[in-house]
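Notes follow once the structure below has been shown.
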Amino acid sequence: MKRSERILLGLFALLFLVIVGGGGLAFGLRHYQGITEETDRLRDRLVEMNMAITQGADWQRKSEWLDANAPAFASRQEASTRLLEVIQREAEKAGLTLAGREFMETQREMGPDGLPVEEASGFFDTATVRLTINLAKEKAFFTWMHAVQQPGSFLGVTRLLMNPSGKDKTINAEVEVTQFYREAPVKITGMKGGEG
């Protein structure tokens, strides 16, 4: 083999090694970056899982508190009746006259299986009353509104539209008061095994 052929063969071998080596290096680099990204994702997921585990006891405690303290009513009608009783009792205490009352029906969206889909309020069922109050004294109105706000009973003003009436510090208002509750399962008593 001539010297020029050896040089050309050496150059081709070098060129071959550069091309194959460069391709191998690029493949290895991409593979390394993929592994690094996957490791970072797994590390983040592990942090999230550890956080969920450490917060699990706290969420369990909160869930148990809700189970023990959230009011339970057999039906929306029962919750609405209790809500109206509280509203009227507090209005009488404050010397406030309620001009109009309207129970607001919450429309439950039904799923394809015919069962209600989870509502926007999520964990709770709601009973809401819309009230109209005309020419109420400001002090009586705000006394009543603060008395109706009962976080411990899951009861509160969820909508308030208020306008001055222009007469002796009186106001006109439209107020929605909502009772959040959990619907209690119906307990059937007096039945013995097998009867139904």
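Of A57, A52, A26, all but one fail to be among the aliphatic types (A, V, I, L, M), over 30 Å from F123 (Cβ atoms) and assigned to a helix (DSSP H, G or I); the exception is A26. From the list A127, A140, the lone residue that is open to solvent by less than 50 Å² (accessible area, probe 1.4 Å), over 31 Å from the mean Cα position of the chain (by Cα) and at pLDDT 90 or above is A140. When L84, L25, L66 are checked against the criterion of being farther than 30 Å from T178 by Cα and not aromatic (F, W, Y), L25 stands alone in meeting it.
Filtering the stretch 170-191 to residues that are of a type outside the set (A, V, I, L, M, F, W, C) and either at pLDDT 90 or above or surrounded by 10 or more Cβ atoms within 10 Å (Cβ to Cβ) (or both) leaves T170, N172, E174, E176, T178, Q179, Y181, R182, E183.
What number of residues in the stretch 44-80 are polar (S, T, N, Q) and either in contact (Cβ under 8 Å) with a residue 60 or more places away in the chain or surrounded by 13 or more Cβ atoms within 10 Å (Cβ to Cβ) (or both)? Steps first, answer last, please.
Going through the stretch 44-80, the residues polar (S, T, N, Q) turn out to be 50, 54-55, 60, 63, 69, 75, 77, 80.
Subset that is either in contact (Cβ under 8 Å) with a residue 60 or more places away in the chain or surrounded by 13 or more Cβ atoms within 10 Å (Cβ to Cβ) (or both): 69, 75, 80.
Number satisfying all stated conditions: 3.
Taking the stated definitions as given, is G156 outside any loop (DSSP other than H, G, I, E, B) and modelled with pLDDT of 90 or more? Judged against the criteria, G156 is a match.
The values are calculated or read from the model by the stated rules, or taken from the named source; none is laboratory data. Just so it is clear, the structure is predicted and the values come from calculations on it, not from any experiment. As a convention, Cβ positions derive from the backbone with ideal geometry for all residues, glycine included, and neighbour counts pool all protein chains shown. Calculation scope for accessible area: heavy atoms of the full protein, side chains included, ligands and nucleic acids excluded. Shrake-Rupley method; radii C 1.70, N 1.55, O 1.52, S 1.80 Å.
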